[in-house]
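The values are calculated or read from the model by the stated rules, or taken from the named source; none is laboratory data. What you are looking at is a predicted structure, and each value in this text was computed from that prediction instead of being measured. Ideal geometry is used to build each Cβ from the backbone, glycine not excepted, and the neighbour counts take in all protein chains shown.
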Amino acid sequence: MQWLYEHTLDNSARYILGTVGERPLICFGINPSTAEPNNLDPTVNLVRLQAEAQGYDSFVMLNVYPQRATNPNELHKVPCPALQAENERQIAALIDGKEYTLWAAWGGLICKRSYLIPLVQNIITLPELQSCRWVSRGKLTKDGHPHHPLYVRKEMPFEAFDIGMYQS
């Protein structure tokens, strides 16, 4: 297995974690935790298992904000512009106009910081993502957000997700 792994030199932020393939399942969470190649955390391992179960040949974990934090309360109070810009650059370069399936999986944590929804809005308007199909799993949260992978029964299917609800 060949890994994709992009992070800052000090490992305080992670942009991309996944495996190389022609047909990846690409999952968007809020922010990365401790996962790295050959040492996946529960969320990324679940994404890997879902990709396999759904017939994808690989998986990629991306995030709305790349700062590593095991506790979402530790996220920056204000986003770092350099991290945001590099995250968007990495996402655009990875997807590069291909017709991938993008799994929206940020859950209610999208409301943890006021800057997270605007970051989603920036990401979904990247030209390189316009040919992609957005999906989610399970019912939406009570506030209408796609559930985090850990909080959806594993047998729940992917369903089309209207990413337009995040457009400004």
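Brief remarks on what is shown
- Qualifying residue in segment 86-97 (condition: over 21 Å from residue 3 (Cβ atoms) and part of a helix (DSSP H, G or I)): yes
- Residue satisfying condition, being charged (D, E, K, R) and either in contact (Cβ under 8 Å) with a residue 60 or more places away in the chain or crowded, with 18+ Cβ neighbours inside 10 Å (or both), within set 137, 153, 133: 137
For (1) within 16 Å of the chain's Cα centre (by Cα); (2) closer than 17 Å to residue 18 by Cβ; (3) not hydroxyl-bearing (Ser, Thr, Tyr), each residue gets a yes or a no:
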site: 72; (1), (2), (3): yes, no, yes
site: 79; (1), (2), (3): no, no, yes
site: 85; (1), (2), (3): yes, no, yes
site: 98; (1), (2), (3): no, yes, yes
site: 117; (1), (2), (3): yes, no, yes
site: 150; (1), (2), (3): yes, no, yes
site: 153; (1), (2), (3): no, no, yes
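- In segment 1-11, residue nearest to the chain's Cα centre (by Cα) [restricted to those that are loosely packed, with under 15 Cβ neighbours inside 10 Å and assigned to a loop (DSSP other than H, G, I, E, B)]: 11
- Residues (assigned to a loop (DSSP other than H, G, I, E, B), of a type in the set (Asp, Glu) and farther than 20 Å from residue 123 by Cα) located in segment 137-168: 143, 155
- Some residue of segment 72-95 being within 21 Å of residue 152 (Cα to Cα), free of Cβ contacts under 8 Å to residues at least 60 places away in the same chain and in contact with a helix residue (DSSP H, G or I) (Cβ under 6 Å, 6 or more places away or on another chain): yes
- Residues of segment 107-158 that turn out to be more than 24 Å from residue 85 (Cα to Cα), among the basic types (Lys, Arg) and at pLDDT 95 or above, as a count: 1
- Qualifying residue in segment 39-52 (condition: crowded, with 20+ Cβ neighbours inside 10 Å, under 19 Å from residue 129 (Cβ atoms), of a type in the set (A, V, I, L, M) and without any contact (Cβ under 8 Å) to a residue 40 or more places away in the chain): yes
- The set of residues in segment 12-34 being more than 13 Å from the chain's Cα centre (by Cα) and either over 21 Å from residue 133 (Cβ atoms) or not charged (D, E, K, R) (or both) consists of 12, 13, 19, 20, 21, 34.
- Leading residue by the ranking (surrounded by the most Cβ atoms within 10 Å (Cβ to Cβ)) among those in segment 98-124 that are assigned to a loop (DSSP other than H, G, I, E, B) and touching a Ser or Thr at 6+ places or on another chain (Cβ under 9 Å): 105
- Close pairs (6 angstrom Cβ cut-off, 6 or more residues apart or separate chains): modelled with pLDDT of 95 or more in segment 11-28, of a type in the set (S, T, N, Q) and not in a strand (DSSP E or B) anywhere: 15/87; 15/90; 16/90; 20/2
- Residue list for segment 24-41, restricted to those being assigned to a loop (DSSP other than H, G, I, E, B) and out of contact with any Pro (no Cβ under 8 Å at 6 or more places or on another chain): 33, 34, 35, 37, 38, 40, 41
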